[in-house]
Amino acid sequence: MRRAVLCGYYGMGNGGDEALLATLLQMLPNNVQPLILSASPRATENLHQVEASDRYSIFALLKELRRSDLFIWGGGSLMQDATSARNPIYYGGVMGLAQGMGLQTIAWAQGVGPLKRNLSKWIAKRAFQGCASVSVRDRQSAQLLADWQTESVVAPDPVWALEATSVNMYRDLSKPRVAVVLRSHPDLTSCRLATITEALQKLQMQTNTEILLIPFQPSQDKAIAQAICDSLNQKTPNQSQVIIQKDPRRLKGIFNGVDLTIAMRLHGLIMAAAEGCHCSAISYDPKVSYLMQGLGIPGWELGDLPEDSQLIADAWVHNLENRDQGLSDRVQKLKQQALIHQKILG
């Protein structure tokens, strides 16, 4: 039995990153015993039923690395400095420590960049060059690594392959259901949020839709979800609800009973499409835009969101009533290709 330390944005209460961890655990070979570096070790142990350790404790980290054989950088946009300049320093530092202690290191399902600072680029380049194997989730990341003379395997985001757990929590099965997955962002101004809320009100009035507001990271997203929900219920009582689900398998399963998902978050779109739900995107990040282009998902860049709420509502009504007949085949292909990430773990 080999021991592996798994490092990512775990224990932060982010549904997408917990889904990446759940998928990584699903793909790990049976002869690998995982230890998760987590911001909330006890919560991680309860949620995923695996051993976890404090990601912020250097003493705990050294202890776990000394008794381990593998170090696996879990999936997601870890090596980027758009949200914080500390990200490359932390993740690159931990990876460098593992490599210096002689562990076999694997970068799994990475989305590399954006890297705006020269220091960030230098840290990332050294970290990836020291890995035994690397897989990435988009061709832009693969090209950046190729520029650094680092080989990588390219496959779709592994959450496409996450096994969902079915849920049954819908109030009225006769009504269409629309899920809304928004997140806080500087460009999601109060004016744009008001426009989105008005568009959802018009969508609801035109289609008698039940709206499910799903905060993927409640600490950041719940206030937005609750504010929209309260506004919707003032216009059309008891047809909107906020749903918080920590288990990523059940979170993915929610979308199996949804007709349309309107999402900013990448993994909201991936989970929804994987469960057969039609999607409309509001992109705040290149990774979301790449998915929109690759899968043919309609929507807008956040900065280009129309000011006319009726125009947005009409687009959503069209998306709700006119399904993309070729989407299912494209999704099934992505699910199969996502399993390529499993090969570098073996």
Do we have any residue at all in the stretch 143-150 that's modelled with pLDDT under 95 and either over 23 Å from the mean Cα position of the chain (by Cα) or not acidic (Asp, Glu) (or both)? no
So, in the stretch 281-294, how many residues would count as being in a helix (DSSP H, G or I) and of a type in the set (Ser, Thr, Tyr)? 2
Of the conditions (1) among the hydrophobic types (A, V, I, L, M, F, W, C); (2) surrounded by fewer than 18 Cβ atoms within 10 Å (Cβ to Cβ); (3) touching a Gly at 6+ places or on another chain (Cβ under 9 Å), the single one that Cys277 does not satisfy is (2)
Residue tally, condition closer than 22 Å to Gln110 by Cα and not in a helix (DSSP H, G or I), over the stretch 248-280: 3
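Out of Ile297, Ile340, Ile312, I need the residue that is more than 17 Å from Ala274 (Cβ to Cβ) and not in a strand (DSSP E or B). Which one? Give the steps one after another, and end with the answer.
Numbers: Ile297 fails: more than 17 Å from Ala274 (Cβ to Cβ); Ile340 fails: more than 17 Å from Ala274 (Cβ to Cβ).
Matching residue, one of Ile297, Ile340, Ile312: Ile312.
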Please determine, by comparing only the residues of the stretch 63-86 that are without any contact (Cβ under 8 Å) to a residue 12 or more places away in the chain and part of a helix (DSSP H, G or I), which one is surrounded by the most Cβ atoms within 10 Å (Cβ to Cβ). Lys63
Of the conditions (1) part of a loop (DSSP other than H, G, I, E, B); (2) within 26 Å of the chain's Cα centre (by Cα); (3) within 15 Å of Val5 (Cβ to Cβ), Gly102 fails just one. Which one is it? (2)
Looking at (1) among the charged types (D, E, K, R); (2) touching a strand residue (DSSP E or B) at 6+ places or on another chain (Cβ under 7 Å); (3) within 22 Å of Asp221 (Cα to Cα), which one does Asp187 not meet, given that it meets all the others? (2)
For the stretch 185-223, name all the residues that are of a type in the set (A, V, I, L, M) and either over 17 Å from Ser280 (Cβ atoms) or modelled with pLDDT under 95 (or both). Ala194, Met205, Ala223
Would you mind finding the one in Leu182, Leu212 that is surrounded by 22 or more Cβ atoms within 10 Å (Cβ to Cβ) and in contact with a Ser or Thr (Cβ under 8 Å, 6 or more places away or on another chain)? Leu212
The residue from Arg249, Arg323 that alone is of a type in the set (Lys, Arg), farther than 20 Å from Val167 by Cβ and not assigned by TED's automatic domain parsing to the domain that holds Leu115 is Arg323
Note on the stretch 114-150: residues within 21 Å of Leu24 (Cβ to Cβ) and not in a helix (DSSP H, G or I) are Gly130, Cys131, Ala132, Ser133, Val134, Ser135, Val136, Arg137, Asp138, Thr150
Would you tally the residues in the stretch 115-137 being under 21 Å from Leu20 (Cβ atoms) and surrounded by fewer than 16 Cβ atoms within 10 Å (Cβ to Cβ)? 1
Determine, yes or no, whether Tyr91 is modelled with pLDDT of 95 or more and not in a helix (DSSP H, G or I). no
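The values are calculated or read from the model by the stated rules, or taken from the named source; none is laboratory data. Computed from a predicted model, the values in this text were never measured in an experiment. Cβ atoms come from the backbone with ideal geometry, glycine included; neighbour counts cover every protein chain shown.
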